[in-house]
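Nothing in this text is a laboratory measurement; each read-out follows from the coordinates by a stated rule. Everything numeric in this text was worked out from a predicted model, so none of it was measured. Here the Cβ is made from the backbone with ideal geometry for all residues, glycine too, and neighbour counts use every protein chain on show.
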Amino acid sequence: MSAGNPLLGTATFLYPADGGQEYRLTLNNRVWIEAEDVLGYSILDAVEELRLALKTGRNPRLKVMCAIVYGGLRQHHADVTETDVVDMFMSGEPDFKEAVLKAMRGAQLPDTPDDASGNGAAPQGAPTSSSVGTGSGSSSPGVKPATPRKASGKKLRVR
């Protein structure tokens, strides 16, 4: 059966920060289903998009971030809407931002050590020598010119 939920990140925050409602954000495998419904495409594509943005120093798309957080909030707050989540992102409230970062850090798979990846350099083969083989080398350097194309043997009939 299932080995559990290896991806799990949680955080709580108040929104608005000055005495608003307490929200619980949970990022786990269930979130991806909600996020796919919002985005209209596979979460695998969304995750790749996030990785590429972060790798190139760009900010992730708001749509992707909102879809993930929306899915994470819906687990505990069925009345939250996509518009609520967009408003939370646009508010710039530090408690909300910190909660999102905390939950995302918790939901990441651990990195594999470099030596355990299995993607090291291939072993070197035996050295090759240009003198290996039989026969003699070409007497003229460079590429031999192509020969003209031979006729197919069929003659064209004139009518």
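Which distance in nm do the two modelled labels at MET90 and ASN59 give, with both placed 7 Å along the Cα-to-Cβ direction?
If labels sit at MET90 and ASN59, their model points lie 1.3 nm apart.
Pull out the extension gain between ALA78 and LYS97, defined as 0.36 nm times the separation in residues minus the alpha carbon to alpha carbon distance; nm, one decimal.
Full extension from ALA78 to LYS97 adds 4.7 nm.
Mind checking which aspartates and glutamates have their C-alpha under 20 Å from LYS55, skipping anything on the same chain fewer than 8 residues away?
Those aspartates and glutamates meeting the cut-off are ASP45, ASP111, ASP114.
Indicate the gyration tensor shape class of the range 1-79 (rounded, prolate or oblate), computed on the Cα atoms with a ≥ b ≥ c the square roots of the eigenvalues: a/c under 1.5 is rounded; otherwise a/b larger than b/c is prolate and the rest oblate.
Verdict is oblate for the range 1-79.
Which of the aspartates and glutamates could a cross-linker bridge to LYS102, judged by Cα under 15 Å and excluding same-chain residues fewer than eight apart?
Reachable aspartates and glutamates: GLU93.
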